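Everything below concerns the one structure shown next.
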Amino acid sequence: MEKLLLILALLLIFIFLSLYLILQSSIKNLYLQLKNINSRETNASLLLSSSSKYLRKLTLEINKCIDKKSNTEMKYKKMDRELKDSIANISHDLRTPLTSIMGYIYLLDNPQTSEEEKVEYLNIIKSRTETLKSLISDFYDISRLESSDYSLELTSVNIENILSEILASYYNDFVTKCIEPYVRIDEHAFMVLADESSVKRIFSNLIQNILRYGKSNVSITLKQYNGYILTTFANDAPNLDEDLASKIFERFFTVDSSRSDGSTGLGLAITKKLVETMGHTISSKFEEGVLSISVKWKI
């Protein structure tokens, strides 16, 4: 009997010792994996073959921490890259009109410049100053819109009246560009909850985008659709493709990377922010060489 108890005791000791050694080996394996991940700064997950329930749970939680850390690092790198791009774009956009202004000021100071030329240069300086003012205004607006404390005064506004008013204000611009837009505005009481000045800004930005890039297939429509009010601005876009079209709402995006067309690439980014801040949605579609931007207003 004593021998049997001794054998059982030794067997239990062997089992517990084996489990302890297996657990130690699993913990050591996890430690080495985690050390390797930290030293190499990889996004690999921990692997565990242990049958221990709580050790598996521990591994799962550690992997969650690794994933969160990885996502945080990716977001930080993206934000850092966007910040550097923003600084570079702002510097470029401000430097261009400033360089031009400085050049014409130098010419004005030249005693050989005639009075007629001075008048011409002053007009150019005035134009460049207005461009600079517009740039600074866009930079300020996008920074305000992206701040958490930005708010709009939402009231019931008539989309049809605002669109008609904005279209009329750009009549001469369409004539100058030799663009004859197809305009269709359904006759309904198009009332939505929105900030009136922001709606005007949205329509102005979308029309300016058409005037800058459109030449044909230009259409502007307003209708009720599936319980929403839908405004769509479309124009030909020969320089776009599906990949570029998917980026049109990004800050500082322009089709012309040299930005020689005078665009800051902020107009559509501001438009998207305004639409979404008011609780509505905006989307784009590129099909058969035509870009369509639609704002879906909740009734």
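No value in this document is a laboratory result; all are computed from the given coordinates. Quick caveat: nothing in here was measured; it's all calculated off a predicted structure. Because the Cβ atoms are built from the backbone with ideal geometry, glycine has one as well, and the counts that use them run over all protein chains shown.
Given the alpha-carbon gyration tensor of segment 91-145, what are the semi-axes of its equivalent ellipsoid in whole angstrom, ordered largest first, with each equal to the square root of 5 times an eigenvalue?
29, 11, 5
Distance between the C-alpha centers of segment 197-237 and segment 130-179? Whole Å please.
12
Over segment 155-298, what is the relative contact order in whole percent, taking alpha-carbon pairs under 8 Å and six or more residues apart?
24
Mean separation of Cα pairs under 8 Å and 6+ residues apart, divided by the residue count of segment 91-145: what relative contact order is that in percent?
46
According to the square roots a ≥ b ≥ c of the eigenvalues of the Cα gyration tensor, what is the shape class of segment 109-221, taking rounded for a/c under 1.5, prolate for a/b larger than b/c otherwise, and oblate for the remainder?
oblate
If you average 1/r over all unlike Cα pairs in segment 155-298 and invert the result, what Kirkwood radius do you get in angstrom?
Result for segment 155-298 stands at 15.4 Å.
Explain nothing, just the number: relative contact order of the chain, from Cα pairs under 8 Å at least 6 residues apart, as a whole percent.
The value is 13 percent.
Per-residue ellipticity at 222 nm for the chain, helices alone: DSSP H runs ≥ 4 residues times -39500 (n - 2.57), over residue total, nearest 500 deg cm²/dmol?
-20500 deg cm²/dmol
At q = 0.16 Å⁻¹, what log₁₀ I(q)/I(0) does a Debye calculation on the Cα points of the chain give, no solvent, two decimals?
For the chain at q = 0.16 Å⁻¹, log10 I(q)/I(0) is -1.28.
So if R0 is 51 Å, what FRET efficiency would residue 58 and residue 230 give, r being the distance between their Cβ atoms, rounded to the nearest 0.05?
0.45
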